[in-house]
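Encoded as structure tokens, the structure appears first; notes follow it.
The values are calculated or read from the model by the stated rules, or taken from the named source; none is laboratory data. Everything numeric in this text was worked out from a predicted model, so none of it was measured. Every residue, glycine as well, gets a Cβ built from its backbone with ideal geometry; the counts of neighbours run over all protein chains shown.
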């Protein structure tokens, strides 16, 4: 997986450096994550948790103000669930007691595919909007059982599905530093719509509110 990420990063960087019509960016996205359960009588979501996403973006402009938008990043997400039924969460093939509380920590590689629309430069500012589908590949999954047992860093790789998919939309404001270089900030909303678990009841997905900051070249 790390080799794949490095290859994609090198591909984007090479095209950004030598390919006409490409812009390349590096970003960090603090995120507010809210898991959702569609069977609330079985699984209760407890509050929101913090996550973060960091990586690179690559936009290919096929027209002056319109681009294909993609990239690669590592998305670290988290959520806390309370299982209302005894068989809700299995620990080493043993069901945890009813009302057990579990904190999930999951890492994905994200490879968004979408479109970007930008304005003409207004002074030193350029504004843009982005819509995309976001395939995600799991790289790591851990869980902390906080009640009634206390167990940290439990491997839940087999419980969390390898593939997930979401859609996102957002906006950016970029301040030009000259040429194609700019610093930018904005907001992104991402919603997943595939159940992220294999065995857990509740059909769990997530809503993510992200602040994006970075620099483009």
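Would you point out which residue out of 109, 146 is in contact with a helix residue (DSSP H, G or I) (Cβ under 7 Å, 6 or more places away or on another chain), surrounded by 16 or more Cβ atoms within 10 Å (Cβ to Cβ) and either without any contact (Cβ under 8 Å) to a residue 40 or more places away in the chain or within 30 Å of residue 83 (Cα to Cα) (or both)?
After ruling out the rest, the residue left standing is 109.
Which one is modelled with the lowest pLDDT, of the residues in region 118-134 that are assigned to a strand (DSSP E or B) and surrounded by fewer than 15 Cβ atoms within 10 Å (Cβ to Cβ)?
122
Restricting attention to region 96-114, does a residue exist that is farther than 29 Å from residue 41 by Cα and over 26 Å from the mean Cα position of the chain (by Cα)?
No, region 96-114 has no match at all.
Give all pairs with beta carbons closer than 8 Å in which a residue from region 73-96 that is under 21 Å from residue 138 (Cα atoms) meets a residue that is surrounded by 14 or more Cβ atoms within 10 Å (Cβ to Cβ) and modelled with pLDDT under 65; count only pairs at least 6 apart in sequence or on separate chains.
Filtered contacts from region 73-96: 74/5; 81/200; 81/202; 89/200.
Give the residue, chosen from 54, 68, 24, that is touching a helix residue (DSSP H, G or I) at 6+ places or on another chain (Cβ under 8 Å), surrounded by 14 or more Cβ atoms within 10 Å (Cβ to Cβ) and at pLDDT 90 or above.
Matching residue, one of 54, 68, 24: 24.
Among all residue pairs at least 6 apart or on different chains, which show Cβ distances below 7 Å where the first residue, located in region 177-194, is free of Cβ contacts under 8 Å to residues at least 40 places away in the same chain and the second is outside any strand (DSSP E or B) and surrounded by 15 or more Cβ atoms within 10 Å (Cβ to Cβ)?
181/217
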